[in-house]
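Only one structure is covered here, and it is reproduced in the block below.
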Amino acid sequence: MAELQARWHQSLSAIPEDCWDRLLTAAHPQELPFYRWRWLHQLEASGSIVPREGWQGCHLGLWRGEQLVAVAPLYLKGHSYGEFVFDQSFAQLAGQLGLRYYPKLVGMSPVSPVQGYRFLIDPSEDAAAFTVLMLDLIDDFCRQHGILSCNLLYVDPQWQPLAEAAGCAAWVNQQSLWTNPGHRDFQAYLAGFNANQRRNIKRERQAVAAAGLVVTPLEGEAIPPALVGRMHDFYAQHCSRWGAWGSKYLSEAFFAALATDPDLRRHLVLFSAHRGDPAQPVAMSLCVSAGDQLWGRYWGSDEEIDCLHFEVCYYAPIAWAIERGIRHFDPGAGGSHKRRRGFVAQPRVSLHRWSDPRFAGILRGWLPGANAEMAELMAAMNAELPFTAAYDPPMPDLPPTRQELDNRLSQRFIALDPLGYFLIRLDRDTQELVAEHYGNGIDERGLATDPDTGEVLSCRGTGPRAPIAVYRARSAKQLGIALTEGPGPHPLSRLDHALYLGRELQRAEACLEQGLEYVQD
């Protein structure tokens, strides 16, 4: 077997199209247009995703001779635009630590927040071993070039466990998704909403009809190439409305490639809002379709017409998706108004690695809490969806909430501290925290035993026992210092025991201040 070689490619043009797409098809049997060689190549060739725009191709390929056996689509970036995973707080933290955040290494389909990123690995190879190898190569590359972070966005849930097992840290964000449970027509879609929202949707659609507009979908080869150019005009016009904040990433040349390349155009669906000829639109949206999925991308309008955005970007695509048997419709990033149209908040995971230990330590410590908060937010958002009580829409498998996570962690095995345990209580009369330290032995089974009798201690208590020592303080910090920094010997021998006590003392202090009952975990 030929020796494996790693090469870094600054452009898709350095990799044969058939080699790339062979690996993509193996990884994603259902087509994912945003990772096709032609799509990514045209982003570069059109001048949209190039160094002067802050994107430098840096694709990692593993070769056996002339055979490409694995590839990772990667870009060096000098900013955080076009990602829709907002890491500006990471950049701020880096600055506070005296670190340079940019350039950073990013894995995604540029300017497309589409789930499915993964390393593309030949199915005959060991995917887990190759994932580890490629991440090690990325780490070496980052160290050699002074790059602080590697960020893999919108990852494929099937590949995610391999990358996490190889040391990537997961950050959960949310995105909206409409899932078709098997609706026969648009009326069936409407029937899932409560009466108030059904009226709202009907009123919004009637407002567009009252303006004399009809929305016509045009697909693939039926799309006149000139209409794709017109779509670019709408896109550019819409972006310009936001001034310096407009997200105009794609050049006119990229839209021209979509119009003239049959392999790209077959995935396009344009929704033309018009008063006569669909080729003379007043407004239009561009979507991408493959298999049983539809993705909403861009839109624009020449006229300000009430509710036209909802019709062109949501209702007409949903009606088209139902007619075609489309299972999922991803409308794109942003927009809380999507929930009112039946789009459900879904978790989208990005994976991260950092070369600086301080930076990595802070963020890895922050992520579990942040992910739990995001799970709680998504659950709250989905609880407010305007559906009937009888309608049971497909809901995501959300990460555990903070409370669920805490409950799970409380059930884990804990090795006991041979120096003993603490019972914490509140003294309301003196407004103090009290920590009573009791000794114990540990038998061959890891169970706590009475040091005098050798009997296993019950979790519910075995009668009065005299503490070795009693510690009192007005605050958790004061008591923690007494336990760990006072004159020895200290009553703790395990770091996890010290961490547990710190958490419990903070809880006890909060209960003391707020007049709440405290029950030790």
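Side notes on the structure shown:
- Residue within the stretch 65-84 that is of a type in the set (Lys, Arg) and part of a loop (DSSP other than H, G, I, E, B) present: no
- Residues of the stretch 268-299 that turn out to be surrounded by 18 or more Cβ atoms within 10 Å (Cβ to Cβ) and out of contact with any Leu (no Cβ under 9 Å at 6 or more places or on another chain), as a count: 2
- Checked against (1) open to solvent by less than 10 Å² (accessible area, probe 1.4 Å); (2) modelled with pLDDT under 95, Gln88 meets all criteria but (1).
- Every test in (1) among the aliphatic types (A, V, I, L, M); (2) surrounded by fewer than 19 Cβ atoms within 10 Å (Cβ to Cβ); (3) not in a helix (DSSP H, G or I) is passed by Ile147 save one, and that test is (2).
- All of (1) under 23 Å from Arg353 (Cβ atoms); (2) assigned to a loop (DSSP other than H, G, I, E, B); (3) touching a residue at least 40 places away in the same chain (Cβ under 8 Å) hold for Ser48 with one exception: (1).
- Here the condition is being under 17 Å from Leu250 (Cβ atoms), hydroxyl-bearing (Ser, Thr, Tyr) and open to solvent by 20 Å² or more (accessible area, probe 1.4 Å); of Tyr35, Tyr75, Tyr81, it holds for Tyr81 alone.
- Qualifying residue in the stretch 115-132 (condition: under 24 Å from Gln10 (Cβ atoms) and assigned to a helix (DSSP H, G or I)): yes
- Residue among Pro110, Pro29 that is closer than 16 Å to Ser350 by Cβ and either in a loop (DSSP other than H, G, I, E, B) or out of contact with any Asp or Glu (no Cβ under 8 Å at 6 or more places or on another chain) (or both): Pro110
- Look at (1) in contact with a His (Cβ under 8 Å, 6 or more places away or on another chain); (2) crowded, with 18+ Cβ neighbours inside 10 Å; (3) farther than 20 Å from Leu135 by Cα and you find that Glu17 fails only one, number (2).
- Sole residue being part of a strand (DSSP E or B) and either out of contact with any Pro (no Cβ under 7 Å at 6 or more places or on another chain) or in contact (Cβ under 8 Å) with a residue 12 or more places away in the chain (or both), chosen from Leu99, Leu105, Leu137: Leu105
- Restricting the stretch 316-340 to residues that are part of a loop (DSSP other than H, G, I, E, B) and open to solvent by less than 10 Å² (accessible area, probe 1.4 Å), the residue that is modelled with the highest pLDDT: Ile326
- Within the stretch 173-200, residues that are part of a helix (DSSP H, G or I) reach partners that are open to solvent by 20 Å² or more (accessible area, probe 1.4 Å) with beta carbons closer than 7 Å, at six or more positions or on different chains, in the pairs Phe186/Ala319; Tyr189/His183; Leu190/Arg198; Gln197/Arg340.
- Test result for Tyr75, in contact with a Gly (Cβ under 7 Å, 6 or more places away or on another chain) and closer than 16 Å to Val349 by Cα: no
Quick grid of which residues meet (1) under 15 Å from His352 (Cα atoms); (2) touching a strand residue (DSSP E or B) at 6+ places or on another chain (Cβ under 7 Å):
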{"site": "Leu152", "(1), (2)": "yes, yes"}
{"site": "Trp171", "(1), (2)": "yes, yes"}
{"site": "Thr179", "(1), (2)": "no, yes"}
{"site": "Gly182", "(1), (2)": "no, no"}
{"site": "Gln187", "(1), (2)": "no, no"}
{"site": "Leu190", "(1), (2)": "no, no"}
{"site": "Arg198", "(1), (2)": "no, no"}
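- Members of the stretch 350-393 that are of a type in the set (A, V, I, L, M, F, W, C), over 23 Å from Pro113 (Cα atoms) and open to solvent by 60 Å² or more (accessible area, probe 1.4 Å): Ile362, Trp366, Ala383, Ala389, Ala390
- Filter result for the condition that a residue is among the small types (Gly, Ala, Ser), surrounded by 22 or more Cβ atoms within 10 Å (Cβ to Cβ) and more than 17 Å from Ala290 (Cβ to Cβ), over Gly65, Gly47, Gly57, Gly61: Gly57
- Near pairs, Cβ below 8 angstrom, 6+ apart or cross-chain, from the stretch 16-31 (within 16 Å of Arg64 (Cβ to Cβ)) to any residue that is open to solvent by less than 20 Å² (accessible area, probe 1.4 Å) and in a helix (DSSP H, G or I): Trp20/Leu12
- Qualifying residue in the stretch 265-279 (condition: farther than 30 Å from Glu44 by Cα, outside any helix (DSSP H, G or I), modelled with pLDDT of 95 or more and aliphatic (A, V, I, L, M)): yes
- Failed condition for Tyr315, given (1) more than 14 Å from Thr179 (Cα to Cα); (2) more than 22 Å from the chain's Cα centre (by Cα): (1)
- As a summary of the residue check, Cys307 satisfies the conditions (1) open to solvent by 10 Å² or more (accessible area, probe 1.4 Å); (2) of a type in the set (A, V, I, L, M, F, W, C); (3) in contact with a strand residue (DSSP E or B) (Cβ under 6 Å, 6 or more places away or on another chain) except for the one numbered (3).
- The residues of the stretch 474-510 that are open to solvent by 40 Å² or more (accessible area, probe 1.4 Å), within 19 Å of Thr430 (Cβ to Cβ) and hydrophobic (A, V, I, L, M, F, W, C), listed by number, are Ile481, Ala482.
- Candidate set from the stretch 201-229 (those that are part of a helix (DSSP H, G or I), in contact with a helix residue (DSSP H, G or I) (Cβ under 9 Å, 6 or more places away or on another chain) and not hydrophobic (A, V, I, L, M, F, W, C)); member that is surrounded by the fewest Cβ atoms within 10 Å (Cβ to Cβ): Glu221
The values are calculated or read from the model by the stated rules, or taken from the named source; none is laboratory data. These figures come from a predicted structure and were not determined experimentally. FYI the Cβ positions are ideal-geometry reconstructions off the backbone, even for glycines, and counts take in every protein chain you see. Just so you know, the surface numbers come from the protein's heavy atoms only, side chains and all, with ligands and any DNA or RNA stripped out. Shrake-Rupley method; radii C 1.70, N 1.55, O 1.52, S 1.80 Å.
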